[in-house]
Amino acid sequence: MIHQYDEPVYLISIVAKILDIHPQTLRQYERENLICPSRSNGRIRLYSQRDIDRIKLILRLTRELGVNLAGVDIILRLKVNVDDMENEISELRSEVLKAKNTHSVAHDKALVTKKSIYEMIIFEK
């Protein structure tokens, strides 16, 4: 049976066995707010493949790079910020390309040309 990437299906004992770590390590990561597994109606922790991949990253940072859990927390937060900015940049590039190709700009935006370089200026309402 194939599960979705974000579908919480793995029990803590299974995740501990897959990653060859003690279940207390997973509980520690949860106490440190590094992971947040889903809970069943009976309050049983359920992990998704996304959770497992995040735990693998945490283990790589702590074991291979010697980062402590406070450092891991900072790195994970920065990773989220970078991912968000990359998505925003991608969206803005797409908007600029669309505006360039259609020669039109949304009413709440303006396209400014400088030496063949396009910049998007967003006006707040």
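Within the range 14-52, take every residue that is hydroxyl-bearing (S, T, Y) and over 21 Å from the mean Cα position of the chain (by Cα) and give me the one that is surrounded by the fewest Cβ atoms within 10 Å (Cβ to Cβ).
Once the filter is applied, the top-ranked residue is S40.
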Among the residues that make up the range 61-83, is at least one of them exposed (fewer than 15 other Cβ atoms within 10 Å of the Cβ), under 15 Å from Y10 (Cβ atoms), without any contact (Cβ under 8 Å) to a residue 40 or more places away in the chain and more than 21 Å from the chain's Cα centre (by Cα)?
no
Among the residues of the range 51-64, is there at least one that is closer than 30 Å to D6 by Cα, in the same structural domain as L11 (by TED's automatic domain parsing), at pLDDT 90 or above and part of a loop (DSSP other than H, G, I, E, B)?
no
Could you tell me whether R60 is of a type outside the set (A, V, I, L, M) and under 18 Å from V80 (Cα atoms)?
yes
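So for the range 4-13 (the condition being of a type in the set (S, T, Y), part of a loop (DSSP other than H, G, I, E, B), in contact with a Ser or Thr (Cβ under 9 Å, 6 or more places away or on another chain) and loosely packed, with under 14 Cβ neighbours inside 10 Å), does at least one residue qualify? Break it down stepwise before answering.
Residues of the range 4-13 of a type in the set (S, T, Y): 5, 10, 13.
Checking which are part of a loop (DSSP other than H, G, I, E, B) leaves us with 5.
Subsequent filtering for residues that are in contact with a Ser or Thr (Cβ under 9 Å, 6 or more places away or on another chain) retains 5.
Still in the running and loosely packed, with under 14 Cβ neighbours inside 10 Å: 5.
Yes; the residues of the range 4-13 include at least one that is of a type in the set (S, T, Y), part of a loop (DSSP other than H, G, I, E, B), in contact with a Ser or Thr (Cβ under 9 Å, 6 or more places away or on another chain) and loosely packed, with under 14 Cβ neighbours inside 10 Å.
The values are calculated or read from the model by the stated rules, or taken from the named source; none is laboratory data. The structure displayed is predicted, hence computed values, not measured ones. Because the Cβ atoms are built from the backbone with ideal geometry, glycine has one as well, and the counts that use them run over all protein chains shown.
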